[in-house]
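Below you'll find the structure, written out as structure tokens, and then a few comments.
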Amino acid sequence: PDGLAVAQGVASGAARPFAFRSMQLRDGPNGDLGNLVFLRQGGANGQALVMKNTQQGQGHGHFDRLNWLFYDNGQAVIRDYGAARFLNVEAKNGGGYLDENDSWAMQTVAHNTLVVGEKSQFGGDWRVGEDRPTTPRFFHAGEGLQIASARLDKGYDGVVLTRTLAMVEHPDLALPVVIDLFRATGATPADYDLPLHFNGHIISAFAAEHSVRERRVLGDAAGYEHLWVDAVAPASSETRSLTWLLNGRFYTYRFAASAPISALLVESGANDPSFNLRREPALIQRMRGQADASFFSVLEPHGAYDGTAETVSGAASRIRDIGRARSNGAEVIVLTLASGKILALGVADDLAENAAHAVTFNGQTYAWTGPYARLDR
């Protein structure tokens, strides 16, 4: 009956263009089991950030809470592997799910969220995950700043995960940028891996030691057995960047953390004798032996490449650096633009609207009231 009603509506001319607006969709029968957030700008082919703060999905979900995706220029820029199957392609395992759906696609490392101790969330048991929902913290879609935050406190024993994602506009930036702050608070020191599954051809990368003669496998379980290691940069506190090209547009990702991190460039497809997996690149930020950690980054779309005219414009990033400071239960992320201007985002642990916060970075104090604020200079 619903399909018939849709068909009748289309036939009668009742169809209307979809409104590409920002929104949050509450999860669960009563809307209290997390949310799915969409931050949008620029219409159908503009920017769309998706943040997954939902429950497990009654067995259909993956272990990817606090995962994010980013679409721009009609392309999936920060992407998610999804399911490992060739639907209805009988020549490939009868057209059903592949073994790698369990060993790779459903594992946390296959998604853009934090992995603790090289294990998947909830120990890889969807029944456990089903009983432990994600907690949304705030959502706001305003002029120049769109932001969402959520917390997962039972994905790993003794570790609380909090992620805040913001899509920010600035007159000195050609397109909106994405600021990401991922914080882990643990009872004891742990090892953290933060993957970023990006789509495109690498244009420039951070200094790293490359695997030239042999290609080792990253691990032996929880999806790590399916990752080839292509390059490794040693642990450092310095800001690094990675730029790639996709469908005529450049993307620069700048990242650092509260403690030294190593950076690994990897690719899916290891331990895959039947060639079931797609070969896709990823960046992994790795931090060892820390109880508390903050990973912070900015993704900047910029420039254009016209293969027909053989012209390039705006290939250089307009962001010079990214920095971060934390004090008194609050953090500030500071972007220094090529123009010399400062774009800053303050995020607090306390969600009270009247709570005052102040964080000093490079001798400058950033003060605000409430759970978050944009603080330009």
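All of the numbers you see were taken from the coordinates with simple rules; none came from a lab. These figures come from a predicted structure and were not determined experimentally. In this analysis, Cβ positions are derived from the backbone assuming ideal geometry, glycine residues included, and neighbour counts consider all displayed protein chains.
Sorting 120, 103 on the 10 Å Cβ count, fewest up front, what's the list?
Values: 120 25, 103 20.
Ranking 120, 103 by Cβ neighbours within 10 Å, fewest first, gives 103, 120.
Expressed as a whole number of Å, what is the distance separating the alpha-carbon centroids of region 131-150 and region 198-229?
32
Using alpha-carbon positions, what is the distance between the centroids of region 50-129 and region 353-377, in Å?
36
Counting Lys +1, Arg +1, Asp -1, Glu -1, what net charge surrounds residue 92 among other residues with beta carbon under 15 Å of its beta carbon? Write down the numbers at each step before the final one.
Details: positive: 85, 278; negative: 90, 99, 100, 272.
For residues surrounding residue 92, the net value is -2.
Please give me the summed charge of the neighbours of residue 146: other residues whose Cβ is under 10 Å from its Cβ, Lys and Arg +1, Asp and Glu -1.
On the way: positive: 40; negative: 143, 169.
In short, -1.
In region 246-331, with Lys and Arg counted as +1 and Asp and Glu as -1 at Cβ, which of these residues, 262, 301, 250, has the Cα nearest the positive end of the dipole, that is, farthest along it?
Of the listed residues, the answer is 262.
Taking a ≥ b ≥ c as the square roots of the eigenvalues of the Cα gyration tensor of region 219-326, is the shape rounded (a/c under 1.5), prolate (a/b larger than b/c) or oblate? Mind dumping the intermediate values first?
Values: a/c = 3.06, a/b = 1.12, b/c = 2.74.
Here region 219-326 falls in the oblate category.
Given a Förster distance of 45 Å, report the FRET efficiency between residue 99 and residue 288 from their Cβ-Cβ distance, rounded to the nearest 0.05.
Details: r = 31 Å, r/R0 = 0.69.
Here the calculated transfer efficiency is 0.90.
Express in nm, to one decimal, how much length is gained between residue 358 and residue 128 on full extension, taking 0.36 nm for each residue of separation and deducting their alpha carbon distance. Write out the running numbers ahead of the final one.
Working: separation 230, 0.36 × 230 = 82.80 nm, distance 3.85 nm.
Value of the extension gain: 78.9 nm.
Given +1 on the Cβ of Lys and Arg, -1 on the Cβ of Asp and Glu, and no further charges, what dipole in debye does the chain carry about its Cα centre, rounded to the nearest 20? Don't skip to the end; give the middle numbers.
Values: 34 positive and 41 negative charges, 131 e Å.
So the magnitude is around 640 debye.
Does region 22-317 come out rounded, prolate or oblate by the C-alpha gyration tensor, with a ≥ b ≥ c the root eigenvalues, rounded set by a/c under 1.5 and, if not, prolate when a/b is larger than b/c and oblate if not?
Numbers: a/c = 1.24, a/b = 1.09, b/c = 1.14.
Here region 22-317 falls in the rounded category.
Count the net charge of all other residues whose Cβ sits under 15 Å from the Cβ of residue 316, scoring Lys and Arg as +1 and Asp and Glu as -1. Before the final figure, lay out each step's value.
Details: positive: 249, 254, 318, 320; negative: 172, 300, 321.
Local net charge: +1.
List the pairs from 92/119; 52/119; 52/154 whose alpha-carbon separation is above 22 Å, in the order I gave them.
Details: 92/119 29 Å; 52/119 19 Å; 52/154 16 Å.
Going by Cα-Cα distance, 92/119 fall outside the 22 Å limit.
Could you run the Karplus curve 6.51 cos²θ - 1.76 cosθ + 1.60 with θ = phi - 60° over region 61-67 and give me ³J(HN,Hα) per residue in whole Hz, x for Gly and Pro?
So the Karplus estimates, Gly and Pro as x, are x, 9, 8, 9, 4, 6, 6 Hz.
Does region 34-118 classify as rounded, prolate or oblate by the C-alpha gyration tensor (a ≥ b ≥ c root eigenvalues; a/c under 1.5 gives rounded; else a/b over b/c gives prolate, otherwise oblate)? Spell out each step's value before the answer.
On the way: a/c = 2.16, a/b = 1.35, b/c = 1.60.
Cα axes put region 34-118 in the oblate bin.
Going by how many other Cβ atoms sit within 10 Å of their own, how do 192, 81 line up, fewest first? It would help to have the intermediate numbers written out before the result.
Working: 192 25, 81 22.
Ranking 192, 81 by Cβ neighbours within 10 Å, fewest first, gives 81, 192.
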